[in-house]
1. Aliphatic (A, V, I, L, M), open to solvent by 30 Å² or more (accessible area, probe 1.4 Å) and at pLDDT 90 or above: is that true of A:I395 in this structure?
2. Looking at A:E256, A:E314, A:E321, which is the one that is within 16 Å of RNA strand B (Cβ to nearest atom) and in a helix (DSSP H, G or I)?
3. Among (1) open to solvent by 50 Å² or more (accessible area, probe 1.4 Å); (2) over 27 Å from A:F278 (Cα atoms), which single condition is A:G400 missing?
4. Cβ-Cβ under 7 Å, sequence separation 6+ or interchain: first residue in the range A:52-81 and over 12 Å from A:A102 (Cα atoms) and among the β-branched types (V, I, T), partner away from RNA strand B (no atom under 16 Å from the Cβ) and modelled with pLDDT of 95 or more. Which pairs?
5. In this structure, does A:P239 turn out to be assigned by TED's automatic domain parsing to the domain that holds A:G462, open to solvent by 70 Å² or more (accessible area, probe 1.4 Å) and modelled with pLDDT under 95?
6. Does A:T246 fit the bill of being away from RNA strand B (no atom under 12 Å from the Cβ) and modelled with pLDDT of 90 or more?
7. Do we find a residue being touching a strand residue (DSSP E or B) at 6+ places or on another chain (Cβ under 7 Å) and surrounded by fewer than 16 Cβ atoms within 10 Å (Cβ to Cβ) anywhere in the range A:367-376?
8. Going by the conditions given, is A:T186 touching a Phe, Trp or Tyr at 6+ places or on another chain (Cβ under 8 Å), β-branched (V, I, T) and surrounded by 11 or more Cβ atoms within 10 Å (Cβ to Cβ)?
Amino acid sequence: MARIILYKIYVLSSDDFLLESVTPLSMASDTVWHPTSFRTHTLDQIQTDGESLVGSEVTICGFMEANRGKGKICFMDVRDGTGRVQIFLKQGAISDEELEMAQGLSRESTVQIVGEVAQKRPPKVAEGEPNPPPTYEVVASKFTVLAQAATPLPLGVTDTVSIGLDTRLDNRFLDLRRAHVNAMFTLRSKVLQYGRDHLITEGFKEINSPKIIASASEGGTNLFPMMYFDTPAFLSQSPQLYKQLTILGGMERVFEIGPAFRAENHDTYRHLNEFISFDIEGAWMNDDDVMCVQERMIHHIWSQVAEHDQDQIEIINQYRETQGDEAITVDVPSLPFPRIEYCDAIKMIQDAGEDISWGDDIDSSHCDIIAAKYPGFHFLPRWPMEMKPFYIHHIPGDVGATGEQLSRGFDLNYGRDEMTSGGQREHNVDVLEQNLRNKGLDPADFAFYTDGFRYGAPPHAGWGLGVARLLMVLTGSRNVRETVLFPRDRSRVTP
RNA sequence: GCCCGUGUGGUGUAGCGGUUAUCAUGAGGCGUUGUCGAUGCCUCGACCCGGGUUCGAUUCCCGGCACGGGCGCCA
């Protein structure tokens, strides 16, 4: 029989904020959690400031993770986005009706509790073991169900049974409540923050380029077509052109964190059809210069995570332990990253007995050979010009072992996986047009691009880095879908 | 797009030409209880879809769909 919720939500009046007991705020991680209309404290504040809060009344909110006990008492584990607290409900302190509702409430329902902070009785420990540090709980005087969760849950938030990725993605809203998944996306936010912070310290300015474009910048990748009113258009596959236009416009150094859309029929652990790219472009720089920017940025991100976010890594490791997976560690890479020029990479692969020759692409199995010697981040600079797009710069006469023209394009790999491609761009319009002709393309078709270079262009360079792939490395994820909230692949457009 | 594999309670699994279809987690009920992976007892819940072979198919075969792995493709 459906239970009818009779309780009204207890909304705090403005006077409540004036109470002395409400004022202490946790400053953990420099975040200021102001009271809201629904709660006076976060659950992390109850634990962190527990000692000073003992005896004072608080109002808290959260998801009910578990409830224990029938009859006269009930214990309830409540979780919010900051932490976890046990609620103690006992006969007499609250109404029998509230107690009964608490005992019968389904997991993951949202609740609001008014109560007094108290030190929790320590759990039983084995003989000789020291008592754990004191923790705090809330003894409820008022209990409200905000929204009841239906049963059964499509996936258990706290269950230890493993869950298939497809089930998880179909129910991402619940999957995200799992501690290690939440930690993953907390880390993603941090990675973006630290990367952004670093680029700003090097003089880069954040830009936003259009994602609806009239034509493809070049052949190669497939575009998603769309209608822009009555005009055919496409979703942008890269901010490449627009980054360059801002450099031509004298912005000196720019970066963008934005989506890229690729209509490729790939279906692998590391490919998505929509992904977030970390892109930079800088004037008066060549490929070496922007590789240095990149390794400094990655070094900064890793250092900051190692210093500030071990708690999130620990949450992920707790989960990995239940799955029999090795713990991950944040190993700050040393600088500079190894540079393995294309010519040397080909030689290394040949020495391993593979049939490959100059001018061939380096595919996944070849990357395994390189990764065996360079397991971490490593750059692969100086690709043959014929393998790189027309806009990549080359220095005439800069040739490889077989006398073929090299380019100033590079990749960044981690192990076998490509993270980045970038390079110095061609800034001389005559060379650009010759490059197009060399690739059998008609310069007239690329006037929208080349015209920007006719009025003085600084030498410049840049790269694009897949955020999700970086997250895979940081968090030990084996599938890029783990690191993207709502991934878009060949067979998934929902949710 | 190609090759290989897998589809069993809500979730994750074991298994079999005839079973009362295994285990864990979960859900429901009763009891005990300052519990904390709560606990004791009881109960509930499943063989992807279509066709074929067979006395009999969840099991074998074919097709479909879905998913997973590998590859290709990939600024």
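The values are calculated or read from the model by the stated rules, or taken from the named source; none is laboratory data. In this text, all values refer to a predicted model and were calculated from it rather than measured experimentally. No Cβ is skipped: glycine too gets one built from the backbone with ideal geometry, and neighbour counts run over all protein chains shown. To get the accessible areas, we keep the full protein, side chains included, count just its heavy atoms, and leave off ligands, DNA and RNA. Shrake-Rupley method; radii C 1.70, N 1.55, O 1.52, S 1.80 Å.
1. Values: aliphatic (A, V, I, L, M): yes; open to solvent by 30 Å² or more (accessible area, probe 1.4 Å): yes; at pLDDT 90 or above: yes.
Taking the combined requirement at face value, the residue satisfies it.
2. A:E321
3. It is condition (1) that A:G400 fails.
4. Pairs that qualify, where the first residue is over 12 Å from A:A102 (Cα atoms) and among the β-branched types (V, I, T) and the partner is away from RNA strand B (no atom under 16 Å from the Cβ) and modelled with pLDDT of 95 or more, are A:V58/A:T40; A:V58/A:H41; A:T59/A:R39; A:T59/A:T40; A:T59/A:Q112; A:T59/A:V114; A:I60/A:R39; A:I60/A:H41.
5. Spelling it out, it is not the case that A:P239 is assigned by TED's automatic domain parsing to the domain that holds A:G462, open to solvent by 70 Å² or more (accessible area, probe 1.4 Å) and modelled with pLDDT under 95.
6. Working: away from RNA strand B (no atom under 12 Å from the Cβ): yes; modelled with pLDDT of 90 or more: yes.
For A:T246, the condition - away from RNA strand B (no atom under 12 Å from the Cβ) and modelled with pLDDT of 90 or more - is met.
7. The answer is yes; a qualifying residue exists.
8. Spelling it out, it is not the case that A:T186 is touching a Phe, Trp or Tyr at 6+ places or on another chain (Cβ under 8 Å), β-branched (V, I, T) and surrounded by 11 or more Cβ atoms within 10 Å (Cβ to Cβ).
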